[in-house]
Amino acid sequence: MTNTSQKDERYIGRDLKAFPLEIAGSDGSYLIDKNGQRYIDFEMGWCVGNIGWSQNEVTEAIKNFTGPTYVVPGMPGYMYEPWVELAELLAQITPGKLTKSFRATGGTEAVETALQAAMSHTKRHKFISIEGSYHGHSLGAMSVGGSHFREWYPNLLEGCFKIAAPLNDAAAEKVEKLLETKEIAAFIAEPIICNLGVEIPTKEFFQRVAKACKANGTLFIVDEVATGFGRTGKLFAAEHYDLEPDIITLGKALTGGYAALGAAVMTEEVAKSMAFGFSHYSTFGWQPLNAVITLANLRALLKRKDELLTNVAEMSEYFKQRLEAMPFKQKAKVKIKGLAIAVHFEEEGYAEQIVNTAFENKLLLQQLSPTALTIFPNLVIDKSTAKEGLDLLEESI
């Protein structure tokens, strides 16, 4: 056991013991340990590093930053030009009529803001979400996450109804009946549910739910913290379903991992419901350097948007073909949308075995559950790196 691992175990609070890997650097599709050993990263921080690690545009923005250390965000707060630039850019690229950005330090805080805005706007306090989903680790976000959170936190928000997959017409009918009570503040979901192993709802499901939300005065919140910025083959996964949400939550790939920043972007009408004293406050939401970093990352991503989405389509097909042809020791089901990928097995334990063996082979995967693993490579990955990683995976099965 190294000195770092001993001190990590002693001083760092964790849910589970750290993986035996001490990261010292990163480059493109690789993480580098303290000894200089390179690992192919097929997780990218769970959809964070969508255009790879160590981007020149972002590192230059950090190097050249000359702005203020801090700008007070509220009560009532001051103005800062990069905030306006970032909010304007988000209004331009997000789907529907979203115009107002509420600043956050990450996805969880963005979801909290979205839930609060929904309650403020509708004067209701109940929600509908997808069973087994994940929207963050605060109490509000866990309330609309999977029911399993109540095992540890039984006093989460009441009135949070969960709809189980598959998300089809039958599931849509359950949502419609709940919405007819006119007690629901918001329906919240990822368009593609990564935490359920890339669960892909039918188009009819979302069309019916969106229509019913509008008819019953319920807000439609799309959580794109993990799926946003090209992960599923569209800039936003909502585009697969032609959704025009009332609120969208963003994080992760928004900054590419260079900064802590998230956003809840909402319509003008919903934003007006938050126009009262102390309705929203985030001490470090859009901290000045973080805002400049995010702008640099987002501009680099958008500059490469067409190339990136073309590559996602091509690599998605390549990963699908390779994974479906692999001689796994158990029957495997591959779920894939763009470069959001999960492999499901019939029995517990095999996914963990593959992840551990792959690690020994210098390939980083993540076990999602006792029967599934996930693969989230960066979106500009080249064919040779993808092949190298998949060859290592095949050696590990």
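Per-structure values
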quantity: Phi-based couplings in Hz for segment 295-302 (Karplus 6.51, -1.76, 1.60; Gly and Pro marked x); calculated: 4, 5, 5, 5, 5, 5, 5, 5
quantity: Cα-based radius of gyration of the chain once divided by 2.2 N^0.38 Å, which approximates compact folds; calculated: 0.98
quantity: Which of GLN353, THR105, VAL71, positive extreme of dipole for the chain (C-beta unit charges); calculated: VAL71
quantity: Reachable lysines from LYS34, criterion Cα separation under 20 angstrom, eight or more residues apart if same chain; calculated: LYS7, LYS17, LYS362
quantity: For the chain, with +1 on Lys and Arg beta carbons and -1 on Asp and Glu, the positive-most of PRO20, LEU364, SER54 along the dipole; calculated: SER54
quantity: Mean ellipticity per residue at 222 nm, deg cm²/dmol - from DSSP H runs of n ≥ 4 across the chain, formula -39500 (n - 2.57); calculated: -11000 deg cm²/dmol
quantity: When the convex hull of its Cα atoms is projected in every direction, mean area for segment 32-177 (nm²); calculated: 14.1 nm²
quantity: Kirkwood Rh, Cα atoms: Rg over Rh of segment 67-303; calculated: 0.95
quantity: Antiparallel %, DSSP beta bridges [both residues in the chain], to 5; calculated: 65 percent
quantity: Top positive-direction residue, dipole computed over segment 67-303 with Cβ charges, set VAL265, VAL175, GLY136; calculated: VAL265
quantity: Exposure rule at most 11 other beta-carbon atoms within 10 Å, DSSP loop GluC sites (Glu not before Pro): the chain longest free segment; calculated: 159-345
quantity: Those aspartates and glutamates that a straight Cα-Cα span of less than 14 Å connects to LYS211, excepting residues fewer than 8 apart in one chain; calculated: ASP169, GLU173, GLU176, GLU180, ASP242, GLU244, ASP246
quantity: Loop trypsin sites (Lys or Arg not before Pro), segment 328-397, which have at most 12 other Cβ atoms in a 10 Å radius of their Cβ (DSSP); calculated: LYS329, LYS331
quantity: Net dipole in debye of the chain [+1 Lys, Arg Cβ; -1 Asp, Glu Cβ; about Cα centre; nearest 20]; calculated: 560 debye
quantity: Semi-axis lengths (Å, descending) of the ellipsoid that matches the C-alpha gyration tensor of segment 272-397; calculated: 36, 20, 14
quantity: In Hz, Karplus ³J(HN,Hα) per residue of segment 197-210 (6.51, -1.76, 1.60; θ = phi - 60°; x = Gly, Pro); calculated: x, 6, 6, 10, x, 6, 5, 4, 4, 5, 5, 5, 5, 4
quantity: For segment 205-363, diffusion coefficient by Stokes-Einstein and Kirkwood Rh (Cα), 4 °C, 1.567 mPa s, µm²/s; calculated: 69 µm²/s
quantity: Viscosity 1.567 mPa s, 4 °C: Kirkwood-radius Stokes-Einstein D of segment 89-148 over Cα pairs, µm²/s; calculated: 102 µm²/s
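All of the numbers you see were taken from the coordinates with simple rules; none came from a lab. Owing to the predicted nature of the structure, the values given are computational and were not obtained by experimental measurement. When we count neighbours, we look across all protein chains shown, and the Cβ atoms used for this are built from the backbone with ideal geometry, even at glycine.
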